[in-house]
Amino acid sequence: QEPKHYGTLVKWRLGGPDPLDGISVWRRAAPVPHWHFVTYGLSELYAKESDDPAVSGFGFELTMRVACVAGDDEPPRWVFSFLQNLARYVFQSGNAFDDGHWMTANGPIALDTDTALCSMGFAFDPELPAIDTPHGRLAFLQVVGLTLDEERAAKRWRTRALLDTLLPHMPLWVTDLVRASLLERADVREQVDAGTQRDGSASGYLFTDVLGWGTRKRLLRAPVIEITVGARQVDELVTLLPLRLPFDRPFRLVGHDGAVRYVRGDANGVSDEDGTLTLRLTDATVQALARTLKPRAGEYAIDGLDGVRWRVEPTVIRDAQGHPVQTIG
């Protein structure tokens, strides 16, 4: 089949706004009707410029499969902008995606729709194995649209394990904007819950725009370390800590100017060194923190951790243009 190919008018390397040089699209009938998108531009298409001879560019190109219906002659236009935005994030941040990663979209993956898919997971495309090129090896990494509760399940467990659990009910991980969460199925929910309790969480860190700490003096009482965190990350923090520390896996909450590191300990303790505040917590204190800390603005004290206070501040969610769309807490 000859693909439909959509090229960028002014290439990124010539000063254009779109990092992908082009996107090819194939129409597929099986196992369900869908469009199969493949990007060109995250690998080195023209010459070897990066230092690693074994890897082409960022080491991957993106793919995506989007459901179509009878009579659709053209692929949905929103996917082009969506894939360009993901590539723009990679180019501007230098952060590459990989199999088993997840990312939130801060809104519908298709703008101006009422789809429940507001997040995404990444997995190696099940039909496109990695290839060797004159400029190094590259993989084909498929973007899979997820609902918010599916994203939450991915963070609590493992993104790739979740995607593998969804695969029998989402052939080839085709993204369908009209679908509901697959976690509404009792059998899927049971599989995910069982895997989470068995394996714990593979999410080792979360990034937050609101994070800081300092020592606060108190009249006639010992000073306390006050940790400031955004309300949005509180729910994720109290969910993930009990799925990390009891498995002897540390967890980091990362901000612009430092990180708070949580590790398992036989006794509670706090240390501050080189921009990282380390909290050593017993299993009992982890459970107390999970019960006490809420995604609402206020100050919180945790039983067993007398020298630490948490101050939760509201989190403002903004769209791609920087406009506030939601306030949490």
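The values are calculated or read from the model by the stated rules, or taken from the named source; none is laboratory data. Keep in mind the model is a prediction, meaning the values are calculated, not measured. Virtual Cβ from ideal backbone geometry, glycine too; neighbours counted across all protein chains shown. SASA here: full protein model, heavy atoms, side chains in, ligands and nucleic acids out. Shrake-Rupley method; radii C 1.70, N 1.55, O 1.52, S 1.80 Å.
The DSSP beta bridges internal to segment 228-293 are antiparallel in roughly 60% of cases.
Considering every alpha-carbon pair of segment 1-77, the percent of pairs per 5 Å bin, from zero through the bin containing the longest distance, is 3, 14, 20, 20, 16, 12, 8, 4, 1, 0. What spacing in nm lies between the two simple spin-label points modelled at D132 and T276, each 7 Å away from Cα in the Cβ direction? Once both label points are built, they end up 3.8 nm from each other.
Counting lysine pairs in the chain whose alpha carbons fall under 28 angstrom apart, excluding pairs fewer than 8 residues apart on the same chain, gives 4.
Segment 189-224 and segment 22-81 have their alpha-carbon centroids 37 Å apart.
A simple spin-label model places the labels of D306 and N95 3.9 nm from each other, with each point 7 Å out along Cα-to-Cβ. May I ask for log10 I(q)/I(0) of the chain at q = 0.07, 0.14, 0.15, 0.16 Å⁻¹, from a Debye sum over the Cα atoms as equal point scatterers with solvent left out? Scattering profile of the chain, log10 relative to I(0): -0.35, -1.18, -1.28, -1.38. Between R152, R185, R244, the residue with the greatest mean-square fluctuation in the GNM of the chain (Cα pairs under 10 Å linked by springs) is R185. Relative contact order of the chain: 11 percent, from C-alpha pairs under 8 Å at least 6 residues apart in sequence. Of A202, A180, A231, the residue with the greatest mean-square motion in the GNM of the chain, using alpha carbon springs below 10 Å, is A180.
Report P(r) for segment 172-293: all Cα-Cα distances, bin width 10 Å, range 0 to the bin holding the largest distance, values in whole percent. Over segment 172-293, the share of Cα pairs per 10 Å bin runs 11, 35, 31, 15, 6, 1, 0 percent. Short to long, the 10 Å bins of the Cα pair-distance histogram for segment 1-136 hold 11, 40, 38, 11, 1 percent of all pairs. Shown for segment 175-265: the carbon plus sulfur share of the solvent-accessible area, taken with all protein chains present and a 1.4 angstrom probe, equals 50%.
For T215 and Q326, a Förster radius of 51 Å and the Cβ-Cβ distance give a FRET efficiency of 0.95, rounded to the nearest 0.05. Remark: segment 199-329 carries 52 Å² of accessible area per residue (probe radius 1.4 Å; ligands, DNA and RNA excluded). Placing dummy labels 7 Å off each Cα toward the beta-carbon, the span from E184 to A267 is 5.2 nm.
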